Amino acid sequence: MARRWKQRPEGSNWGDFGDDDQLGRLNLLTPQKVLEGVAEVRQGLSFSLSLPLDFPGGNVLNPARHPPRLTATRRPDDKAVFLHSFAHDHNTTDVACDDMVTLCLQYSTQWDALSHIGSHFDADQDGQAEIVFYNGFRPDPDFSHPDQAPDGASRAHRLGIEHMAAKGVQGRAVMVDLRRHYGDARRRVGYDDLMQVIEHDGIEVRRGDMLCLHTGFADVVLSMQGRPDAGRLAQACAVLDGSDARLRGWVDESGIAALIADNYAVEDRPYDFHGDGCHALLPLHELCLFKLGIHLGELWHLTPLAEWLRQHGRHAFFLTAPPLRLPGAVGSPLNPVATV
Ligand code: UVW
């Protein structure tokens, strides 16, 4: 397949990993990086970095995303397969439960796929912006819109989360503990704030690392026991300041393979735009998902690991974080595992 674009967005890396690349910076998770991650395992302790997937609870963080709903599968005669005895055959002792779920894939602990956020950009240089995604993939033919499909199905035929799943997602990760320095009040963290923490704590961020930002937000969400207080959460914990060009420059230059936080969207949203004209509502989403192919992890539960690392004077760990291998999905819940 020839290149899909004539001009690429300023500051993007489209084409650098190949014209058909759908992995972005995950290409940096080489065997060497996996070994670097494994070298951080010293105690053999594992931490789940997932919230229970029915948290935050309700839908105050995003009115379009609802808690998961579990129910049982049904047999052709409509009987629920739940505490189900195979009564038609009295010689069997088995009792079966079999279930299904309606699940907003980005309700709780999640990865954003590269198909999650695109942009209006003139990639074919005809003077008119069109919708494009990372590496120049387009709605037609690369996406199916639910309103145009007879069965209402939506699908990203390119840049779906399954590519990330097939990659496996293992390597060295580093924790930057913003909560330790900035507490639980809302703070927009720009380049200076981030560098201060990284330098003060002596954190070495290497090319190909997965960067985790502990803000305490998911911990506050958990403390609300499934009844999140929207007002309090809007004022809670650190968020990255996507309007800070130096911060965006660092995200690129650092060479990180993935950017993860325990807050709602990694960055503040909406941010205060002070320039003129058309702009991205979510500048870090634009930079990471659209321009650089950096997957974003959101609402991870980082507090127990961050506290353990702090107590042991460590920052780096081995991270295993594959999403569901669900073809065509634009995001996925997951149960990331840190090993220290
Ligand atoms: C949006 O809210 C658009 O996405 P995210 O879950 O990545 O913050």
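Any read-out appearing in this document is the output of simple, stated calculations on the displayed coordinates, not a laboratory observation. Here the structure is a predicted model, which means the values were calculated and not measured. Counting neighbours? That spans all protein chains shown, and the Cβs are built from the backbone with ideal geometry, glycine included.
Miscellaneous remarks
- Max mean-square fluctuation residue, GNM over the chain, Cα-Cα springs under 10 Å, options 153, 257, 123: 153
- Estimated FRET transfer efficiency when R0 is 41 angstrom, pair residue 273-residue 79 (beta carbons, to 0.05): 0.15
- At 1.306 mPa s and 10 °C, Stokes diffusion of segment 137-236 via Kirkwood alpha-carbon radius, µm² per second: 91
- Simple spin-label estimate for residue 166 and residue 185 gives 4.9 nm between the two label positions (7 Å along the Cα-to-Cβ direction from each Cα).
- Calculated FRET value between residue 128 and residue 62, using beta carbons and R₀ = 51 Å, to 0.05: 0.95
- Gain in span if fully extended, residue 326 to residue 154, counting 0.36 nm per residue against the direct Cα distance: 60.7 nm
- Summed side-chain charge close to residue 143 - residues other than residue 143 whose Cβ falls under 10 Å, Lys, Arg +1, Asp, Glu -1: +1
- Note on residue 39 and residue 199: the model spin-label points, each 7 Å out from Cα along the C-beta direction, lie 2.6 nm apart.
- Bridging of residue 79 to aspartates and glutamates at a Cα separation below 15 Å is possible for 98, 99, once same-chain residues fewer than 8 apart are set aside.
- Where GluC sites (Glu not before Pro) in DSSP loops with at most 12 other Cβ within 10 Å are excluded, longest remaining stretch of the chain: 11-203
- Highest-first arrangement of 72-78, 27-33, 223-229, where packing means the average Cβ count within 10 Å: 27-33, 223-229, 72-78
- Percent breakdown of C-alpha pair distances by 5 Å bin, ordered from the shortest bin, for segment 21-174: 2, 7, 10, 11, 13, 14, 13, 11, 9, 6, 3, 1, 1, 0, 0
- On full extension, the segment bounded by residue 140 and residue 206 gains 20.0 nm, given 0.36 nm per residue less the C-alpha separation.
- Length released on extending from residue 230 to residue 314, taking residue separation times 0.36 nm less the Cα-Cα span: 26.9 nm
- Span per principal axis, largest first, for the Cα atoms of the chain (Å): 70, 55, 44
- For segment 125-181, taking the reciprocal of the average inverse distance between every pair of different Cα atoms yields a Kirkwood hydrodynamic radius of 15.0 Å.
- Where labels lie 7 Å past Cα in the beta-carbon direction, separation of residue 48 and residue 147 in nm: 3.9
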